[in-house]
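Enquirer: Before I ask anything, here is the structure I am working with.
The values are calculated or read from the model by the stated rules, or taken from the named source; none is laboratory data. None of the values given here were measured: they were computed from a predicted structure. For neighbour counting, all protein chains shown are included, and Cβ atoms are generated from backbone atoms with ideal geometry for every residue, glycine included.
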Amino acid sequence: MADTRESWQTRLGFILAAVGSAVGLGNIWRFPWMASENGGAAFLVVYLGIVLLVGVPGLLGEFVIGRRSKRNPVGALSSLSDSKGWSAFGHVFVVTAVLLLSFYSVVGGWILRYFGASFTGAYFGNPGAYFSSINYGFEAVAFHVLFLFLTAAIVGFGVKGGIERATKVMMPAIVVLLVGLAAWGLTLDGASAGLAFYLSPDLGYLQTHFLDILPAAAGQALFTLSLGAGTMVTYASYLGEDRSLPVDGTFIAGLNTLVGVLAGFVVFPILFALGSGAGQPGAGAVFVSLAGAFAALPYGQVVAVVFFGVVALAALSSSISMLEIPVSFLVDEYGVSRRKATVAFTGLFLVTGSVNALSAQVFGFVAGTLVNLLLTGGLAGFLLFTGWVLGTDAVAELRSGAGDLGQRLATPWLYAVGVVLPLFLVFTLLSSLLPCSASNSGRAPSSRSPSASS
Ligand code: TRP
């Protein structure tokens, strides 16, 4: 099977696809949601620390597993270990991917909806009421289906012809448009208050709420880097031995963080320009507050069209990486054709996504708590596998194609991913199960309001 397996055409193609996976609704929609519920800049600090110290080495762990095995997450764990237990564990990732895309494509549907509505200004009159009228229900199902079909169309065309070709166009477009939007955002009146909420951490809040911030920040850091579900295993499985994983990995994480921070420069000034602060909490944050801001600001309608267009592209380049996990699983493990595998899973997502599109409760639980837990546990599993099953093979794999620095860092890296990071991730998981976190999960999000701090 190995000789017919697909691969990336170019190095840039792989990098852009991986960045495309990383940059998505996580940066633009989920980040402001999580940040506004967890103290703004205090959250940003913990989150950036985890991206750097856990995200980058973790990303390399997934890359090593993928490139070593040249398989999907299930096949990777079973072929590299010869163990039924690991193979069974691998199936968790297929489940995680299914859960991820099931809610992600609902949000993707909202974005498409808002993109269309920006042309007519449909939500300008009353953004809050508009969002409540479309967020859950049959129309949400319809737009989820549209988003899902777009995702499936790209994945159906394969690694080179679909994913690589699409992300090569989408990624540069996203960056250029975001820079333009950020420049516009910084000219707004409320920009400095927005930036203060976003950039200057309240250390007191950080101290008293650290154990609440931790699981949310860890979940968000993994979410934004597409870690813990096997996306990066899968993408690296299409990679040759001549690429430097440390260089590519650092570049990918760096670019994702840059785009994420850049998105903050767009989102927070716009939110604060109207004096609405971090605004509407929860999953509707971007939709209600931002949409309201577009309605009121100069050139708001043009900006809205561009903004939701960018977000739609970013969402698609991520959703394809979620669908690619189960599709590559069927292709590798059962010899099913890519087209058939894509159709089969699209059928499944029609159902599982609709459940999320119909129920705010299901959606909130899956997209928040459950995803934080699964990604954290999933990455811990991958890293334990890297450290304890692959061991020196992982070091050899990381060194292959890597320069001097990569050669030297490989062994310390193995200790980090085998011991330190899993301990950290397990601690994070436990802290999220502590009663204090549970009781706080519905806490008022603007407890740290911008007006109080500026
Ligand atoms: N990183 C993407 C975002 O920020 C979402 C994503 C794509 C993802 N693939 C993933 C998240 C795999 C977790 C696991 O929007």
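Enquirer: For the condition modelled with pLDDT under 95 and within 16 Å of residue 170 (Cβ to Cβ), what is the one hit in 44, 12? Before the answer, list the steps.
Expert: Details: 44 fails: within 16 Å of residue 170 (Cβ to Cβ).
After applying the criteria, what remains is 12.
Enquirer: Consider residue 84 carefully, then state whether it is of a type in the set (Lys, Arg), surrounded by fewer than 20 Cβ atoms within 10 Å (Cβ to Cβ) and more than 26 Å from residue 376 (Cβ to Cβ).
Expert: On the way: of a type in the set (Lys, Arg): yes; surrounded by fewer than 20 Cβ atoms within 10 Å (Cβ to Cβ): yes; more than 26 Å from residue 376 (Cβ to Cβ): no.
Judged against the criteria, residue 84 is not a match.
Enquirer: Then there's this: Can you name the residue in segment 42-58 that is within 16 Å of the ligand (Cβ to nearest atom) and under 13 Å from residue 197 (Cβ atoms) and, of all such residues, is surrounded by the most Cβ atoms within 10 Å (Cβ to Cβ)? Before you say what the answer is, go through the steps one by one.
Expert: We begin by selecting, within segment 42-58, every residue within 16 Å of the ligand (Cβ to nearest atom); these are 43-44, 47-48, 50-51, 54-56, 58.
Retained after the next criterion (residues that are under 13 Å from residue 197 (Cβ atoms)): 43-44.
Numbers: 43: 26, 44: 22.
Checking each candidate, the answer is 43.
Enquirer: Return the residues of segment 107-140 that are in contact with a Gly (Cβ under 8 Å, 6 or more places away or on another chain), within 22 Å of residue 368 (Cα to Cα) and of a type outside the set (S, T, N, Q); say none if nothing qualifies.
Expert: Within segment 107-140, 128, 131, 140 qualify.
Enquirer: Another question about this same structure. Restricting to segment 86-109, name every residue that is away from the ligand (no atom under 12 Å from the Cβ) and closer than 9 Å to residue 353 by Cβ.
Expert: 102, 106, 109
Enquirer: Looking at segment 195-204, is at least one residue within 21 Å of the chain's Cα centre (by Cα), on the phi > 0 side of the Ramachandran plot and touching a residue at least 24 places away in the same chain (Cβ under 8 Å)?
Expert: Within segment 195-204, none of the residues are within 21 Å of the chain's Cα centre (by Cα), on the phi > 0 side of the Ramachandran plot and touching a residue at least 24 places away in the same chain (Cβ under 8 Å).
Enquirer: For the structure I just gave you, tell me whether residue 125 is loosely packed, with under 14 Cβ neighbours inside 10 Å and either farther than 29 Å from residue 43 by Cα or in contact (Cβ under 8 Å) with a residue 12 or more places away in the chain (or both). Before you say what the answer is, go through the steps one by one.
Expert: Details: loosely packed, with under 14 Cβ neighbours inside 10 Å: yes; either farther than 29 Å from residue 43 by Cα or in contact (Cβ under 8 Å) with a residue 12 or more places away in the chain (or both): yes.
Yes.
Enquirer: Output the residues belonging to segment 306-341 that are farther than 25 Å from residue 291 by Cβ, away from the ligand (no atom under 16 Å from the Cβ) and either outside any helix (DSSP H, G or I) or in contact (Cβ under 8 Å) with a residue 24 or more places away in the chain (or both).
Expert: Taking segment 306-341 first, the residues farther than 25 Å from residue 291 by Cβ are 320-341.
Add one more test, that the residue is away from the ligand (no atom under 16 Å from the Cβ), and what stays is 330-341.
Residues satisfying the conditions are 331, 332, 333, 335, 336, 337, 338, 339.
Enquirer: OK, next. Just one of 102, 118, 87, 133 is hydroxyl-bearing (Ser, Thr, Tyr), under 30 Å from residue 303 (Cα atoms) and without any contact (Cβ under 8 Å) to a residue 40 or more places away in the chain; which is it?
Expert: Values: 102 fails: without any contact (Cβ under 8 Å) to a residue 40 or more places away in the chain; 118 fails: without any contact (Cβ under 8 Å) to a residue 40 or more places away in the chain; 87 fails: under 30 Å from residue 303 (Cα atoms).
One residue alone meets the criteria, 133.
Enquirer: All but one of (1) within 20 Å of residue 382 (Cβ to Cβ); (2) modelled with pLDDT under 90 hold for residue 75; which doesn't?
Expert: (2)
Enquirer: Can you name the residue in segment 1-41 that is part of a loop (DSSP other than H, G, I, E, B) and surrounded by fewer than 23 Cβ atoms within 10 Å (Cβ to Cβ) and, of all such residues, is farthest from the ligand (Cβ to nearest atom)?
Expert: Start the filter on segment 1-41 by keeping residues that are part of a loop (DSSP other than H, G, I, E, B), which leaves 1, 5-10, 23-24, 38-40.
Still in the running and surrounded by fewer than 23 Cβ atoms within 10 Å (Cβ to Cβ): 1, 5-10.
Values: 1: 24, 5: 21, 6: 18, 7: 20, 8: 17, 9: 21, 10: 21 Å.
The residue in question is 1.
Enquirer: Name the residues in segment 342-362 that are more than 16 Å from the ligand (Cβ to nearest atom), part of a helix (DSSP H, G or I) and of a type in the set (Gly, Ala, Ser), would you?
Expert: 344, 347, 354, 357, 360
Enquirer: Separate question: Considering only segment 189-229, state which residues are within 30 Å of residue 97 (Cβ to Cβ) and small (Gly, Ala, Ser). Talk me through it step by step, then tell me what you get.
Expert: Filtering segment 189-229 for residues within 30 Å of residue 97 (Cβ to Cβ) gives 211-229.
Correct list: 216, 217, 218, 219, 221, 226, 228, 229.
Enquirer: Give all pairs with beta carbons closer than 7 Å in which a residue from segment 215-230 that is over 11 Å from residue 51 (Cα atoms) meets a residue that is outside any helix (DSSP H, G or I) and more than 7 Å from the ligand (Cβ to nearest atom); count only pairs at least 6 apart in sequence or on separate chains.
Expert: Pairs found: 216/38.
Enquirer: Quick check on residue 287: is it over 26 Å from residue 53 (Cα atoms) and within 16 Å of the ligand (Cβ to nearest atom)?
Expert: Working: over 26 Å from residue 53 (Cα atoms): yes; within 16 Å of the ligand (Cβ to nearest atom): yes.
So residue 287 passes the test.
Enquirer: Now for a separate question. Can you find a residue that is at pLDDT 95 or above, surrounded by fewer than 18 Cβ atoms within 10 Å (Cβ to Cβ), more than 16 Å from the ligand (Cβ to nearest atom) and more than 22 Å from the chain's Cα centre (by Cα) anywhere in segment 168-188? First the steps, then the outcome.
Expert: Of all residues in segment 168-188, those at pLDDT 95 or above come to none.
Scanning segment 168-188 turns up no residue that is at pLDDT 95 or above, surrounded by fewer than 18 Cβ atoms within 10 Å (Cβ to Cβ), more than 16 Å from the ligand (Cβ to nearest atom) and more than 22 Å from the chain's Cα centre (by Cα).
Enquirer: Looking only at segment 365-373, decide whether some residue is more than 16 Å from the ligand (Cβ to nearest atom) and either without any contact (Cβ under 8 Å) to a residue 24 or more places away in the chain or polar (S, T, N, Q) (or both). Spell out the reasoning first.
Expert: Start the filter on segment 365-373 by keeping residues that are more than 16 Å from the ligand (Cβ to nearest atom), which leaves 365.
Subset that is either without any contact (Cβ under 8 Å) to a residue 24 or more places away in the chain or polar (S, T, N, Q) (or both): 365.
Yes, because at least one residue in segment 365-373 is more than 16 Å from the ligand (Cβ to nearest atom) and either without any contact (Cβ under 8 Å) to a residue 24 or more places away in the chain or polar (S, T, N, Q) (or both).
Enquirer: Within segment 212-248, which residues are in contact with an Asp or Glu (Cβ under 9 Å, 6 or more places away or on another chain), of a type outside the set (Phe, Trp, Tyr), within 16 Å of the ligand (Cβ to nearest atom) and assigned to a helix (DSSP H, G or I)?
Expert: 216, 231, 232, 233, 234, 236
Enquirer: Looking for something of a type outside the set (S, T, N, Q), within 16 Å of the ligand (Cβ to nearest atom) and in a helix (DSSP H, G or I) - is there at least one such residue anywhere in segment 189-206? Please lay out each step first, then the result.
Expert: So the first thing to find is which residues in segment 189-206 are of a type outside the set (S, T, N, Q), and the list is 189-191, 193-199, 201-206.
Okay, now just the ones that are also within 16 Å of the ligand (Cβ to nearest atom), so none.
Checking segment 189-206: not a single residue is of a type outside the set (S, T, N, Q), within 16 Å of the ligand (Cβ to nearest atom) and in a helix (DSSP H, G or I).
Enquirer: Out of 398, 405, 423, report the one residue that is modelled with pLDDT under 90 and either in a helix (DSSP H, G or I) or surrounded by fewer than 16 Cβ atoms within 10 Å (Cβ to Cβ) (or both).
Expert: Working: 398 fails: modelled with pLDDT under 90; 423 fails: modelled with pLDDT under 90.
Only one candidate qualifies: 405.
Enquirer: Considering each residue of segment 296-305, count those that are not in a loop (DSSP other than H, G, I, E, B) and not β-branched (Val, Ile, Thr), and give that number. Talk me through it step by step, then tell me what you get.
Expert: As a first pass, look at segment 296-305 and keep what is not in a loop (DSSP other than H, G, I, E, B): 296, 300-305.
This time we only want the ones that are not β-branched (Val, Ile, Thr), so: 296, 300-301, 304.
So the answer is 4.
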